[in-house]
Each structure stands twice: as C-alpha cells, then as structure tokens.
Amino acid sequence: MTVGVDFLVREVQIPDTNATVELYMFDCAGQSIFNQRQMAEKLWENGSYVIVVYDVSSRASFQSAAKWLSSVRAIRPNSGGGPLPGLLVANKIDLREGGINSRAEVDSQEGLNFAQNNKLEYFECSALTGRDVERPFNFIASQYHMSYESTVRRANAPQNY
C-alpha cells in the first residue's frame, strides 16, 4: 500500500534486442485516507503514460479508476493530439478463482469495456502470485522502444531538399 507518493525507476529489457528502457514512475496512493492529490498533481504535468490500477474485489476501487483517470488527464490533457495514453490494470485476479467462493466484484469484461471506452490498454495481474505483473511495464517499454526506433529511422532517412 502506497502512502503519499513513491518514486521508482525500473529498467525493462526489450526482448530480442540489446535495448533497455528506463521507466520513471510516480506511484500515487489510491486510498482516500492517503489522498494527497494536490501534491501528486504537480508530478502528473509531465507524464507520458498513466497507469490506473484497481482491485477486482472492490467495486469502489473500480469506480474510483474513472476519477483518477479524469484527474490525471485534466492536468495532462493532450499528448500528441489525443488523450494521455494509458493502461488500466485489474489487480488481485487470484480472487476470481474459487468458483462460488470468489471474492471478485468486477469481471474482466467490465474492466475491458472501461479501458476501451477510455482509450486505455487493458491488463490483468495478481501481485500476490506474481502472475502477469510485468506485462504492463513491458508494454510501455516496448511502446517507447518502437517510438525511439521510428525516430532514428526518420533521422537517418535521406532528405529530399
């Protein structure tokens, strides 16, 4: 559980290359008891991606995802002509297992619909089991790597003057 804001640097190796992408991330507390939004808003101004994480066992957590996304996109409304790109991550998917004893309140389709309606990529993971925890970070790193490679190709292309 994050209290306030944590800053993290994560190196992600791009598969089948010798490239590594460094991701600089601010992890903002989501629980209302720790809500220090004014402090976090300054950090959002130069963001390149937003990752909104919710707990599949909490309808309130899922509903607050819209509030967080709206808040971040209000501070950083346009990125390359469109809304700030981002990801919606459903966490604690291990709580969907167990059939009748499942503690999940939000199913995959509901999360996917929210992501599509808000132009977000959608991922599911379990921090408890480690299942697919790396996928969102790998996706963002791959997007940056592709953008970098595209820029290099354009810079090296013959110029017609």
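Some notes on this structure:
- Scanning segment 125-150 for residues that are hydrophobic (A, V, I, L, M, F, W, C) and either touching a residue at least 40 places away in the same chain (Cβ under 8 Å) or part of a helix (DSSP H, G or I) (or both) turns up 137, 139, 140, 141, 146.
- Given (1) closer than 30 Å to residue 152 by Cβ; (2) surrounded by 12 or more Cβ atoms within 10 Å (Cβ to Cβ); (3) at pLDDT 85 or above, index of the condition residue 79 fails: (3)
- Single condition residue 116 does not satisfy, out of (1) closer than 22 Å to residue 23 by Cβ; (2) outside any loop (DSSP other than H, G, I, E, B): (1)
- Condition broken by residue 84, with the remaining ones in (1) assigned to a helix (DSSP H, G or I); (2) surrounded by 19 or more Cβ atoms within 10 Å (Cβ to Cβ); (3) at pLDDT below 95 satisfied: (1)
The values are calculated or read from the model by the stated rules, or taken from the named source; none is laboratory data. Bear in mind that the values here come from a model prediction, so they are computed numbers and not experimental data. Positions of Cβ are generated from backbone atoms using ideal geometry, with glycine treated the same way; all protein chains shown enter the neighbour counts.
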